[in-house]
Amino acid sequence: MAITGVSQFGKEYCTKNMTPGKKVYDEKIIRRSGGEFRVWDPTKSKLGAAIYKGLRNVPIFNGMKILYLGISTGTTASHLSDIIGADGLIYGVEFSSRSVRDLVPLSKKRKNIIPILGDARTPENWTHLIEKVDLIYEDVAQPDQSDILIRNAKIFLKKGGSVMIAIKARSINVATNPMEIFANERKKLETYFTISDAINLNPLEKDHIFFVAKVK
Ligand SMILES: C[S@@+](CC[C@H](N)C(=O)[O-])C[C@H]1O[C@@H](n2cnc3c(N)ncnc32)[C@H](O)[C@@H]1O
(Lines give C-alpha, C1' and ligand atoms only; values in the text may rest on other atoms or scores of the structure.)
Protein backbone atom coordinates (compact mmCIF):
# COMPACT_ATOMS: atom_id res chain seq x y z
CA MET A 1 0.00 0.00 0.00
CA ALA A 2 1.36 3.42 -0.94
CA ILE A 3 1.42 6.25 1.58
CA THR A 4 -0.01 9.53 0.25
CA GLY A 5 2.82 11.95 -0.49
CA VAL A 6 5.59 9.50 0.39
CA SER A 7 7.87 8.10 -2.35
CA GLN A 8 10.14 5.11 -2.00
CA PHE A 9 13.52 5.01 -3.77
CA GLY A 10 15.26 1.70 -2.99
CA LYS A 11 15.05 1.32 0.78
CA GLU A 12 14.57 5.02 1.42
CA TYR A 13 11.30 6.85 2.04
CA CYS A 14 11.13 10.46 0.90
CA THR A 15 8.83 13.45 0.61
CA LYS A 16 8.92 15.90 -2.28
CA ASN A 17 10.68 19.04 -1.08
CA MET A 18 8.26 22.00 -1.09
CA THR A 19 11.29 24.32 -0.78
CA PRO A 20 13.72 22.94 -3.40
CA GLY A 21 17.38 23.70 -2.67
CA LYS A 22 16.70 24.00 1.08
CA LYS A 23 17.35 21.21 3.59
CA VAL A 24 15.80 21.18 7.08
CA TYR A 25 17.95 18.86 9.24
CA ASP A 26 20.84 17.94 6.95
CA GLU A 27 18.79 15.12 5.42
CA LYS A 28 19.93 13.40 2.21
CA ILE A 29 18.47 14.78 -1.03
CA ILE A 30 17.52 12.65 -4.05
CA ARG A 31 16.92 14.36 -7.40
CA ARG A 32 14.64 12.75 -9.96
CA SER A 33 12.87 14.01 -13.07
CA GLY A 34 9.78 14.47 -10.83
CA GLY A 35 11.61 16.94 -8.59
CA GLU A 36 13.72 17.06 -5.46
CA PHE A 37 13.02 14.57 -2.65
CA ARG A 38 14.06 14.75 1.01
CA VAL A 39 14.98 11.39 2.57
CA TRP A 40 12.99 10.79 5.75
CA ASP A 41 15.64 9.79 8.32
CA PRO A 42 14.08 7.08 10.55
CA THR A 43 16.61 7.76 13.31
CA LYS A 44 15.47 11.38 13.61
CA SER A 45 11.69 11.09 13.28
CA LYS A 46 9.36 8.63 15.02
CA LEU A 47 6.84 8.75 12.19
CA GLY A 48 9.77 8.10 9.82
CA ALA A 49 10.75 5.12 12.01
CA ALA A 50 7.16 3.81 12.04
CA ILE A 51 7.05 3.96 8.22
CA TYR A 52 10.38 2.13 7.94
CA LYS A 53 8.99 -0.49 10.33
CA GLY A 54 5.98 -1.12 8.10
CA LEU A 55 3.30 1.44 8.98
CA ARG A 56 1.23 1.96 5.82
CA ASN A 57 -2.00 3.35 7.21
CA VAL A 58 -0.77 6.94 7.59
CA PRO A 59 -3.77 9.29 7.72
CA ILE A 60 -2.23 12.24 5.88
CA PHE A 61 -3.37 13.98 2.72
CA ASN A 62 -2.83 17.14 0.72
CA GLY A 63 -4.55 20.19 2.19
CA MET A 64 -5.16 18.75 5.66
CA LYS A 65 -5.00 20.66 8.95
CA ILE A 66 -2.79 19.20 11.67
CA LEU A 67 -2.31 20.00 15.35
CA TYR A 68 1.23 18.95 16.24
CA LEU A 69 1.91 18.66 19.99
CA GLY A 70 5.66 18.74 20.73
CA ILE A 71 6.79 19.98 17.33
CA SER A 72 10.28 20.85 18.62
CA THR A 73 12.41 22.34 15.83
CA GLY A 74 10.26 20.81 13.08
CA THR A 75 12.13 17.72 11.83
CA THR A 76 9.07 15.46 11.45
CA ALA A 77 6.79 18.43 10.81
CA SER A 78 8.89 19.36 7.76
CA HIS A 79 7.96 16.05 6.08
CA LEU A 80 4.29 16.52 7.01
CA SER A 81 4.61 20.04 5.58
CA ASP A 82 5.86 18.57 2.26
CA ILE A 83 2.91 16.16 2.15
CA ILE A 84 0.06 18.52 3.07
CA GLY A 85 1.34 21.19 0.68
CA ALA A 86 0.53 24.89 0.44
CA ASP A 87 -3.20 24.35 1.10
CA GLY A 88 -2.59 22.50 4.38
CA LEU A 89 -1.62 23.88 7.77
CA ILE A 90 0.31 22.59 10.78
CA TYR A 91 -0.32 24.26 14.14
CA GLY A 92 2.86 23.38 16.00
CA VAL A 93 2.67 23.60 19.80
CA GLU A 94 5.94 23.57 21.70
CA PHE A 95 6.74 24.69 25.24
CA SER A 96 10.50 25.09 24.85
CA SER A 97 11.16 28.68 23.78
CA ARG A 98 14.58 27.63 22.53
CA SER A 99 13.02 25.09 20.12
CA VAL A 100 10.41 27.62 18.99
CA ARG A 101 13.21 30.09 18.25
CA ASP A 102 14.70 27.50 15.84
CA LEU A 103 11.26 26.67 14.41
CA VAL A 104 10.42 30.26 13.47
CA PRO A 105 12.93 30.52 10.57
CA LEU A 106 11.55 27.20 9.20
CA SER A 107 8.00 28.57 9.39
CA LYS A 108 9.11 31.62 7.40
CA LYS A 109 10.26 29.34 4.56
CA ARG A 110 7.32 26.93 4.96
CA LYS A 111 4.18 28.99 5.25
CA ASN A 112 2.11 25.94 6.21
CA ILE A 113 3.76 25.71 9.66
CA ILE A 114 2.47 28.00 12.41
CA PRO A 115 4.58 27.89 15.60
CA ILE A 116 2.70 28.25 18.90
CA LEU A 117 4.70 28.69 22.11
CA GLY A 118 2.43 26.88 24.56
CA ASP A 119 1.93 23.91 26.85
CA ALA A 120 0.06 20.96 25.33
CA ARG A 121 -1.39 20.29 28.80
CA THR A 122 -3.30 23.58 28.82
CA PRO A 123 -4.99 23.91 25.42
CA GLU A 124 -7.44 26.45 26.95
CA ASN A 125 -4.57 28.98 26.76
CA TRP A 126 -4.19 28.77 22.99
CA THR A 127 -7.63 27.57 21.78
CA HIS A 128 -8.23 30.96 20.15
CA LEU A 129 -5.16 30.49 17.90
CA ILE A 130 -6.29 27.38 16.06
CA GLU A 131 -9.22 25.84 14.21
CA LYS A 132 -10.52 22.25 14.24
CA VAL A 133 -8.07 19.81 12.63
CA ASP A 134 -8.10 16.55 10.64
CA LEU A 135 -5.17 15.05 12.55
CA ILE A 136 -3.45 15.44 15.90
CA TYR A 137 0.16 14.28 15.99
CA GLU A 138 1.72 14.03 19.45
CA ASP A 139 5.31 13.41 20.48
CA VAL A 140 5.82 15.07 23.87
CA ALA A 141 7.61 12.32 25.85
CA GLN A 142 5.69 13.08 29.06
CA PRO A 143 4.27 10.73 31.74
CA ASP A 144 0.71 11.89 30.99
CA GLN A 145 1.07 11.84 27.18
CA SER A 146 -2.09 9.76 26.56
CA ASP A 147 -4.23 12.07 28.74
CA ILE A 148 -2.81 15.11 26.90
CA LEU A 149 -3.83 13.58 23.57
CA ILE A 150 -7.38 12.81 24.74
CA ARG A 151 -7.82 16.33 26.17
CA ASN A 152 -6.71 17.95 22.91
CA ALA A 153 -8.74 15.58 20.73
CA LYS A 154 -11.92 16.48 22.66
CA ILE A 155 -11.38 20.14 21.80
CA PHE A 156 -9.71 20.23 18.40
CA LEU A 157 -10.31 17.05 16.42
CA LYS A 158 -12.88 17.17 13.61
CA LYS A 159 -15.48 14.39 13.49
CA GLY A 160 -13.83 11.42 11.76
CA GLY A 161 -10.34 12.85 12.37
CA SER A 162 -7.28 10.77 13.26
CA VAL A 163 -4.47 10.82 15.80
CA MET A 164 -0.89 9.58 15.82
CA ILE A 165 1.10 9.34 19.03
CA ALA A 166 4.64 8.24 19.83
CA ILE A 167 4.87 6.87 23.37
CA LYS A 168 8.18 6.73 25.17
CA ALA A 169 8.07 4.10 27.93
CA ARG A 170 10.93 5.63 29.91
CA SER A 171 9.11 8.95 30.21
CA ILE A 172 6.33 7.11 32.04
CA ASN A 173 8.34 4.80 34.28
CA VAL A 174 11.99 3.73 33.97
CA ALA A 175 11.55 0.70 36.25
CA THR A 176 8.53 -0.96 34.57
CA ASN A 177 8.80 -3.29 31.57
CA PRO A 178 8.05 -1.21 28.44
CA MET A 179 5.58 -3.85 27.17
CA GLU A 180 3.52 -3.42 30.35
CA ILE A 181 3.59 0.37 29.92
CA PHE A 182 2.53 0.07 26.27
CA ALA A 183 -0.43 -2.16 27.30
CA ASN A 184 -1.50 0.35 29.99
CA GLU A 185 -1.28 3.31 27.62
CA ARG A 186 -3.21 1.37 25.00
CA LYS A 187 -5.99 0.78 27.54
CA LYS A 188 -6.08 4.51 28.38
CA LEU A 189 -6.21 5.51 24.72
CA GLU A 190 -8.93 2.95 24.03
CA THR A 191 -11.28 4.73 26.43
CA TYR A 192 -11.64 7.38 23.70
CA PHE A 193 -10.07 6.03 20.47
CA THR A 194 -10.09 2.92 18.32
CA ILE A 195 -6.48 2.00 17.59
CA SER A 196 -5.80 0.80 14.03
CA ASP A 197 -2.03 0.37 14.20
CA ALA A 198 0.60 -0.17 16.88
CA ILE A 199 4.23 -0.19 15.76
CA ASN A 200 7.06 -0.96 18.15
CA LEU A 201 9.88 1.38 17.08
CA ASN A 202 12.76 -0.74 18.42
CA PRO A 203 15.63 -0.64 17.50
CA LEU A 204 15.29 2.73 15.69
CA GLU A 205 13.80 4.33 18.83
CA LYS A 206 14.39 2.20 21.90
CA ASP A 207 11.33 1.53 24.11
CA HIS A 208 8.92 3.54 21.99
CA ILE A 209 5.58 2.54 20.50
CA PHE A 210 3.67 4.41 17.80
CA PHE A 211 -0.14 4.31 17.69
CA VAL A 212 -2.51 5.41 14.92
CA ALA A 213 -6.14 5.82 15.99
CA LYS A 214 -9.54 7.42 15.41
CA VAL A 215 -12.17 8.67 17.84
CA LYS A 216 -14.67 5.86 18.63
C1 LIG B 1 10.85 14.09 21.33
S2 LIG B 1 10.74 15.81 21.12
C3 LIG B 1 9.79 16.01 19.65
C4 LIG B 1 10.49 15.75 18.35
C5 LIG B 1 9.62 16.12 17.18
N6 LIG B 1 8.30 15.57 17.35
C7 LIG B 1 10.16 15.63 15.84
O8 LIG B 1 9.99 14.44 15.53
O9 LIG B 1 10.69 16.43 15.08
C10 LIG B 1 9.55 16.23 22.31
C11 LIG B 1 9.20 17.70 22.30
O12 LIG B 1 8.03 17.90 23.07
C13 LIG B 1 8.16 19.11 23.76
N14 LIG B 1 7.22 19.05 24.89
C15 LIG B 1 7.25 18.22 25.97
N16 LIG B 1 6.20 18.45 26.78
C17 LIG B 1 5.46 19.43 26.19
C18 LIG B 1 4.26 20.08 26.54
N19 LIG B 1 3.60 19.76 27.67
N20 LIG B 1 3.79 21.04 25.71
C21 LIG B 1 4.45 21.36 24.58
N22 LIG B 1 5.60 20.78 24.19
C23 LIG B 1 6.11 19.81 24.98
C24 LIG B 1 9.63 19.12 24.17
O25 LIG B 1 10.07 20.43 24.51
C26 LIG B 1 10.29 18.57 22.94
O27 LIG B 1 10.66 19.58 22.04
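Observations
- Candidate set from segment 1-17 (those that are part of a loop (DSSP other than H, G, I, E, B) and more than 18 Å from the chain's Cα centre (by Cα)); member that is farthest from Gly35 (Cα to Cα): Met1
- Failed condition for Gly54, given (1) more than 14 Å from the ligand (Cβ to nearest atom); (2) open to solvent by less than 10 Å² (accessible area, probe 1.4 Å): (2)
- Selection count, segment 1-60, where residues are among the basic types (Lys, Arg) and in contact with a His (Cβ under 8 Å, 6 or more places away or on another chain): 2
- For segment 194-204, the criterion of being within 14 Å of the ligand (Cβ to nearest atom), of a type in the set (Ser, Thr, Tyr) and at pLDDT 95 or above is satisfied by no residue at all.
- Subset of segment 20-41 (residues that are out of contact with any strand residue (DSSP E or B) (no Cβ under 8 Å at 6 or more places or on another chain) and either open to solvent by less than 20 Å² (accessible area, probe 1.4 Å) or within 15 Å of the ligand (Cβ to nearest atom) (or both)): Tyr25, Asp26, Asp41
- Among the residues here, Ile71 does not qualify as touching a strand residue (DSSP E or B) at 6+ places or on another chain (Cβ under 9 Å) and either more than 10 Å from the ligand (Cβ to nearest atom) or free of Cβ contacts under 8 Å to residues at least 40 places away in the same chain (or both).
The values are calculated or read from the model by the stated rules, or taken from the named source; none is laboratory data. What you see is a predicted model, and the numbers here were worked out from it, not measured in a lab. Backbone-built Cβ (ideal geometry, glycine too); neighbour counts: all protein chains shown. Surface areas here come from the heavy atoms of the whole protein model, side chains and all, with no ligands, DNA or RNA. Shrake-Rupley method; radii C 1.70, N 1.55, O 1.52, S 1.80 Å.
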